[in-house]
Amino acid sequence: MQLADFHYFLPDELIARYPLAGRSDSRLLCLSHQGEISDRQIVDLPDLLNTGDLLVLNDTRVIKARLHGLRPSGGAVEVLVERITDTYHGLAHVRASNSPKSGAVLTLAEGQVKATVQGRKDNLYILEFDQPVLEALEQYGALPIPPYFNRPAEESDETRYQTVFHDPEKSASVAAPTAGLHIDEALLERLHVKGIKTAFVTLHVGAGTFQPVRTENIKDHVMHAEWGEVPQETVDAVRATQAQGGKVIAVGTTATRALESAARAHGGSLQAWSGETDIFIYPGYQFAVIDRLMTNFHLPESTLLMLVSALTGRDKIMSAYQHAIAQKYRFFSYGDAMLIDRANT
């Protein structure tokens, strides 16, 4: 398939740059496996699922990964830590007028943090910090909100750009698993009362999630790698759900990639797993685990739009997106959501 097959025009006013007042206030476009569209609300989710179904959530936590400062020459520099590799080291994107050379010391956060460039790994810089990386980021960093917000991070983002179910011990993402932003404690309780179970996976979202596809033939695109984990407890929950005839619903493309990566690592059979994944899901992919997907609306020509198209079919997804635009749904990270059935379910 060609990149142009996943293009659509989105009016700028439909980009949600701020969240609604309540997490579960958003709309929910439901797309059946037959292509039928219905307009619902996030609060309807318990009514749209069945007792015995399983929601799989990504429990990663977004870190304040962005730091600003100066290069040795005095020029401005922006550092976005993609991955913390050990207490004092990280891999980072560095934006500056000239690429800093190995040995250069970056003075960040108005002199509060210093980071020495130790070399490159692919398109990332290896940085050694003068203090524990995570502590420095949490104290001096800024939340790396998406570029299409077209604004700096604000104090409210520190709460609203995190899920309510994140695990503080899993602080490593530079972007939120945004489908999970719609779920609040009250909705979780209503799901529990109905007998809809929850389980957790971890996928630490990298900045590559915003990386555009630059190849005309989408099969030529090289995916970024992210770290994920599917624990045995979640494997057991999935198997029990399937054995009882329930549906496995991934909350977000990141939860989907974690589950499908775990299955791919074991020949298509879901088993406990942790490690790097660069799984690229596009039309033609055969899903091994999930039956339904709750997800936000995705950027034109993005790998995430290709993933949802793989689940139910490109034509149905593109028709649903045109419906959403006509009905003025809110798009992207702080926008509305979809509940999509797998085509062969």
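Values as computed for the structure displayed
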| read-out | value |
| --- | --- |
| Subset tally (residues that are under 30 Å from Phe129 (Cβ atoms) and touching a residue at least 40 places away in the same chain (Cβ under 8 Å)) for segment 24-82 | 16 |
| Selection status of Asn98, more than 25 Å from the chain's Cα centre (by Cα), in the same structural domain as His204 (by TED's automatic domain parsing), part of a loop (DSSP other than H, G, I, E, B) and surrounded by fewer than 17 Cβ atoms within 10 Å (Cβ to Cβ) | no |
| Hey, Ala310 assigned by TED's automatic domain parsing to the domain that holds Gly180, of a type outside the set (Lys, Arg), under 21 Å from Leu28 (Cβ atoms) and in contact with a Pro (Cβ under 9 Å, 6 or more places away or on another chain) or not | yes |
| Strands (runs of 3 or more DSSP E) completely within segment 103-185 that count 2 or more residues being free of Cβ contacts under 8 Å to residues at least 60 places away in the same chain | 105-108, 113-121, 124-129 |
| Val201 being of a type in the set (Val, Ile, Thr) and at pLDDT below 95 | no |
| Every residue from segment 114-125 that is surrounded by fewer than 17 Cβ atoms within 10 Å (Cβ to Cβ) and closer than 19 Å to Gly206 by Cβ | Arg120, Lys121, Asp122, Asn123 |
| Matching residues in segment 91-128 - criterion: being among the small types (Gly, Ala, Ser) and touching a Phe, Trp or Tyr at 6+ places or on another chain (Cβ under 7 Å) | Ala92, Ala109, Ala115 |
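The values are calculated or read from the model by the stated rules, or taken from the named source; none is laboratory data. Computed from a prediction, not measured in an experiment: that's the story for all the values here. All Cβ positions, even for glycine, are placed from backbone atoms using ideal geometry, and neighbour counts span all protein chains on display.
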